[in-house]
């Protein structure tokens with residue numbers, strides 16, 4: 001299965017629901033003001049966001065819809081072009097390329113977003129590009145998190161630095177960086193505890209881990225990746241806002257896009273924050289993390305080849 005096919009398959013649920021919803025709205029060849037309002041309302045309901053929905057409505061209003069063609073397909077084509085225009089600048093393939101010097105990445109996110117699993121999948125892609133990867137099991141609040149990360153390290157054959165539950169998370173991160181520098185590893189991925197963005201003590205611990213990385217390199221962490229769950233809908237907007245206040249986010253990974261019937265939340269996040277999008281999670285298998293490609297995403301979301 002090619003990359004586009006994986007994208008298309010992963011988005012089948014949300015794209016089918018989206019297209020069917022549009023068809024229920026667009027019952028006439030000619031798009032009048034009432035229909036435009038319904039389309040805008042539907043886009044907002046699909047988690048696209050108020051700003052993006054308003055812009056798409058305006059573009060549809062200004063576009064010449066060919067009455068000889070399927071009106072829903074015409075609108076989907078407009079949406080596809082909008083997505084590409086909005087998201088093409090947010091691609092960041094460089095994240096996965098082989099690094100010449102050590103690159104320390106902090107991976108954050110609230111509980112349940114698939115953060116540890118995402119780290120495992122990222123590790124596999126990094127390794128396939130010739131990187132030597134070290135994982136840091138700094139989610140020491142849960143023994144299960146350490147075991148899960150170790151399982152992924154074994155599965156994709158990368159190294160891991162770990163300790164026992166309850167140990168200072170920052171000390172584990174620092175030890176991992178030390179080990180990586182001593183043994184010529186060029187990628188360190190630090191798993192942090194799934195912390196609620198409104199828990200001040202947990203966010204302070206998160207900040208402490210970031211500060212510890214600077215002892216190894218003043219420019220660290222070189223990347224700060226926030227993992228988001230697409231099924232959380234508009235809640236992810238608040239998560240981006242709060243995490244970005246603590247340490248500037250350099251990239252996003254959106255997971256569980258195969259599990260939502262809405263799926264438009266990535267557009268809302270892209271429009272509001274313009275943060276690089278690293279990858280998308282489209283399933284549970286280790287190969288189901290796809291490097292973000294705006295055109296493939298747009299085609300899959302609209303189900304247009």
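The values are calculated or read from the model by the stated rules, or taken from the named source; none is laboratory data. Predicted model, so just to flag it, every value in this text is computed and none were measured. Positions of Cβ are generated from backbone atoms using ideal geometry, with glycine treated the same way; all protein chains shown enter the neighbour counts.
Quick check on the range 129-142. Is at least one of its residues in a helix (DSSP H, G or I) and either farther than 24 Å from residue 101 by Cα or modelled with pLDDT of 95 or more (or both)? Break it down into steps so the answer makes sense when it comes.
Just the residues of the range 129-142 that are in a helix (DSSP H, G or I), to begin with: none.
No, because not a single residue in the range 129-142 is in a helix (DSSP H, G or I) and either farther than 24 Å from residue 101 by Cα or modelled with pLDDT of 95 or more (or both).
When residues of the range 292-303 are filtered for being farther than 13 Å from residue 87 by Cα and touching a strand residue (DSSP E or B) at 6+ places or on another chain (Cβ under 9 Å), how many remain?
So the count comes out to 0.
Search the range 36-61 for residues that are in contact (Cβ under 8 Å) with a residue 12 or more places away in the chain and at positive phi and pair each with any residue that is crowded, with 22+ Cβ neighbours inside 10 Å and in a helix (DSSP H, G or I) when their beta-carbon atoms are under 7 Å apart and the residues are at least 6 apart or on different chains.
Hits for this filter: 47/265; 47/268; 49/267; 49/268.
In the range 48-66, which residue that is part of a loop (DSSP other than H, G, I, E, B), more than 26 Å from the chain's Cα centre (by Cα) and over 10 Å from residue 31 (Cβ atoms) is modelled with the highest pLDDT?
Restricting to residues being part of a loop (DSSP other than H, G, I, E, B), more than 26 Å from the chain's Cα centre (by Cα) and over 10 Å from residue 31 (Cβ atoms), the top hit is 64.
Taking the criterion of being within 28 Å of the chain's Cα centre (by Cα) and either under 21 Å from residue 292 (Cα atoms) or modelled with pLDDT of 95 or more (or both), would at least one residue in the range 67-77 satisfy it?
yes
Could you grab the pairs with beta carbons closer than 7 Å, sequence gap of 6+ or different chains, first residue in the range 162-184 and at positive phi and loosely packed, with under 15 Cβ neighbours inside 10 Å, second one modelled with pLDDT of 95 or more and part of a loop (DSSP other than H, G, I, E, B)?
184/132
Checking residue 116 against (1) in contact with a helix residue (DSSP H, G or I) (Cβ under 7 Å, 6 or more places away or on another chain); (2) surrounded by fewer than 24 Cβ atoms within 10 Å (Cβ to Cβ); (3) modelled with pLDDT under 95: exactly one of these is not met. Which one?
(2)
Modelled with pLDDT of 95 or more, assigned to a helix (DSSP H, G or I) and surrounded by fewer than 16 Cβ atoms within 10 Å (Cβ to Cβ): does that describe residue 272?
Yes, satisfied.
I'd like the residue in the range 136-148 that is in contact (Cβ under 8 Å) with a residue 24 or more places away in the chain and closer than 21 Å to residue 203 by Cα and, out of all such residues, is surrounded by the fewest Cβ atoms within 10 Å (Cβ to Cβ).
Taking the candidates together, the pick is 142.
List every residue pair whose Cβ atoms lie under 6 Å apart, where the two residues are 6 or more positions apart in sequence or sit on different chains, the first residue falls within the range 14-35 and is in contact (Cβ under 8 Å) with a residue 60 or more places away in the chain and at negative phi, and the second residue, located anywhere, is surrounded by 18 or more Cβ atoms within 10 Å (Cβ to Cβ) and outside any loop (DSSP other than H, G, I, E, B).
15/301
Residues checked against (1) assigned to a helix (DSSP H, G or I); (2) under 30 Å from residue 41 (Cβ atoms); (3) free of Cβ contacts under 8 Å to residues at least 60 places away in the same chain:
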| residue | (1), (2), (3) |
| --- | --- |
| 202 | yes, no, yes |
| 213 | yes, no, no |
| 220 | no, no, no |
| 225 | no, no, no |
| 231 | yes, yes, yes |
| 241 | yes, yes, yes |
| 263 | no, yes, no |
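Based on this model, can you work out whether residue 130 counts as at positive phi and in contact with a strand residue (DSSP E or B) (Cβ under 6 Å, 6 or more places away or on another chain)?
On the way: at positive phi: yes; in contact with a strand residue (DSSP E or B) (Cβ under 6 Å, 6 or more places away or on another chain): no.
Spelling it out, it is not the case that residue 130 is at positive phi and in contact with a strand residue (DSSP E or B) (Cβ under 6 Å, 6 or more places away or on another chain).
Name the residues in the range 143-163 that are assigned to a loop (DSSP other than H, G, I, E, B) and under 23 Å from residue 211 (Cβ atoms), would you?
162, 163
Please enumerate the residues belonging to the range 275-305 that are closer than 18 Å to residue 48 by Cα, modelled with pLDDT under 90 and assigned to a loop (DSSP other than H, G, I, E, B).
303, the sole residue that qualifies.
Mind listing just one residue for me: the one in the range 164-195 that is part of a loop (DSSP other than H, G, I, E, B) and closer than 26 Å to residue 112 by Cβ and, of those, modelled with the lowest pLDDT? Before the answer, list the steps.
To start, the set of residues in the range 164-195 that are part of a loop (DSSP other than H, G, I, E, B) comprises 164-168, 183-186, 193-195.
Filter again for closer than 26 Å to residue 112 by Cβ, leaving 164-168, 193-195.
Numbers: 164: 84, 165: 84, 166: 80, 167: 89, 168: 91, 193: 83, 194: 74, 195: 64.
Among those residues, the one meeting the criterion is 195.
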